[in-house]
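Contents: one structure, followed by commentary.
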Amino acid sequence: MADDTDDGTETPGDEAREALAAELAELLGDALVETHIEAGQNLWLRLEIEHWRTAMTALRDAGFVYFGFLSAIDWTDAPEGRYEDTEFDGAGVGQDEEETTSATASDTVRLGGGDTRFQLLAHLHAPARHAAVILKADVTDVDGAPASVPSIIDVFAGADWHEREAHEMFGIRFEGHPNLEHIYLPSEFEGHPLRKDFPLLARAVKPWPGVVDIEEIPPELEAQLEAEVMASFEASGAGA
C-alpha cells in the first residue's frame, strides 16, 4: 500500500509491516499509543510507560524472543548550547528557514512520536518471523530527572547490563532491578554523562576538534611528503 504525499507523488508502502502493526495493535491494546512505519526498514511502537513490562512480556510470548538492546534518549537541548560557534553557523540561512530546518530535523528523529524530555527505547526481534520492532516510551520528567520505570530483566535477562547503563548514563531508575551499579564509571562518580545538562567541562577549556582551525600544508612540503610516501611504498616492494 502506498500513501500520497502533499505534492501528489506516492511514498513506498510496506504491506508486511502494516499487517504486523495491525496485529500488534490488537495484541497490545491500551498499552500502545501509536505506530510508525519506515517502509522497508523499521516498525516503531510507542508504548505507555506504565505498560512497558507487560508489553514486553506480551511481545516475547508472541515470538519476539530476541532482545537486541535497551537505551534512552534525552531530547532537550544542552542549557549552555555548544561552547563554540563555527564559521558555518547561520551561513546563508535566514531565521525563518533555520526554524523550519530545526522543526524538520526534530520530526525526523522522533520516529514513533514522543512528548517528554526522556524516552526509553528497545529493540526486539522475532527470528522465526524475520520481523523486528523498535519500542519507545515517554519517561516523565520529575524536577529535571527521569522518573522510575519497571525493569524487564525477568522478561529478558539480557536487559540487565542495558538497564544498568541507562541508569548510569541517564539517571533512570529501574524498579525491580537488584543491582543498578556503575559499569563504566567509578562508583563515587556523580552525575549522568549522557544527560544534556551534564557539563562538559573539558570542552570549556579545549574546543571541539572540528572547530579548531587547521593550517593548509605548503605546496612544497606536500610534494615532499608525497615523494617520501611513494619512496617508502616502492622500497617495501609493494609497488612491484
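Residues of the stretch 152-164 that are in contact (Cβ under 8 Å) with a residue 60 or more places away in the chain and under 20 Å from the mean Cα position of the chain (by Cα): Ile152, Gly158, Ala159, His162, Glu163.
Every listed requirement among (1) aliphatic (A, V, I, L, M); (2) open to solvent by 60 Å² or more (accessible area, probe 1.4 Å); (3) farther than 30 Å from Ala62 by Cα is met by Ile183 save one, (2).
Could you please let me know if Ala231 is aliphatic (A, V, I, L, M) and modelled with pLDDT of 75 or more?
On the way: aliphatic (A, V, I, L, M): yes; modelled with pLDDT of 75 or more: yes.
Taking the combined requirement at face value, the residue satisfies it.
Ile134 falls short of the stated requirement of being modelled with pLDDT of 90 or more and not in a strand (DSSP E or B).
Before we move on, is Arg60 basic (Lys, Arg), over 13 Å from Leu135 (Cβ atoms) and either at pLDDT 95 or above or crowded, with 17+ Cβ neighbours inside 10 Å (or both)? No.
Just one of (1) open to solvent by 30 Å² or more (accessible area, probe 1.4 Å); (2) at pLDDT 85 or above trips up Asp197, so point out which. Asp197 satisfies every listed condition except (2). Within the stretch 151-174, restricting attention to residues that are β-branched (Val, Ile, Thr) and farther than 24 Å from Lys196 by Cα, the residue that is least open to solvent (accessible area, probe 1.4 Å) is Ile152. In the stretch 163-178, the residue that is nearest to Val142 (Cα to Cα) out of those that are in contact with a Lys or Arg (Cβ under 7 Å, 6 or more places away or on another chain) and of a type outside the set (Phe, Trp, Tyr) is Gly171. Checking the conditions here, which among His167, His182 is free of Cβ contacts under 8 Å to residues at least 24 places away in the same chain, of a type outside the set (S, T, N, Q) and farther than 16 Å from Leu120 by Cα? One residue alone meets the criteria, His182.
For the stretch 109-150, a tally of residues being open to solvent by less than 10 Å² (accessible area, probe 1.4 Å) and among the β-branched types (Val, Ile, Thr) returns 3.
Across the stretch 69-97, the qualifying residues are those that are at pLDDT 95 or above and open to solvent by 30 Å² or more (accessible area, probe 1.4 Å), and the one among them that is farthest from the chain's Cα centre (by Cα) is Phe69.
When Glu188 is tested against the conditions (1) crowded, with 20+ Cβ neighbours inside 10 Å; (2) in a loop (DSSP other than H, G, I, E, B), the lone failure is (1). When the stretch 19-57 is limited to residues that are more than 21 Å from Phe174 (Cβ to Cβ) and among the charged types (D, E, K, R), the one that is modelled with the lowest pLDDT turns out to be Glu38.
The values are calculated or read from the model by the stated rules, or taken from the named source; none is laboratory data. Note that this is a predicted model, so its numbers are computed, not measured. A quick note on method: Cβ atoms are made from the backbone with ideal geometry, for glycine too, and the neighbour counts reach across all protein chains shown. Side chains are part of the model used for accessible areas, which takes the heavy atoms of the whole protein and leaves out ligands, DNA and RNA. Shrake-Rupley method; radii C 1.70, N 1.55, O 1.52, S 1.80 Å.
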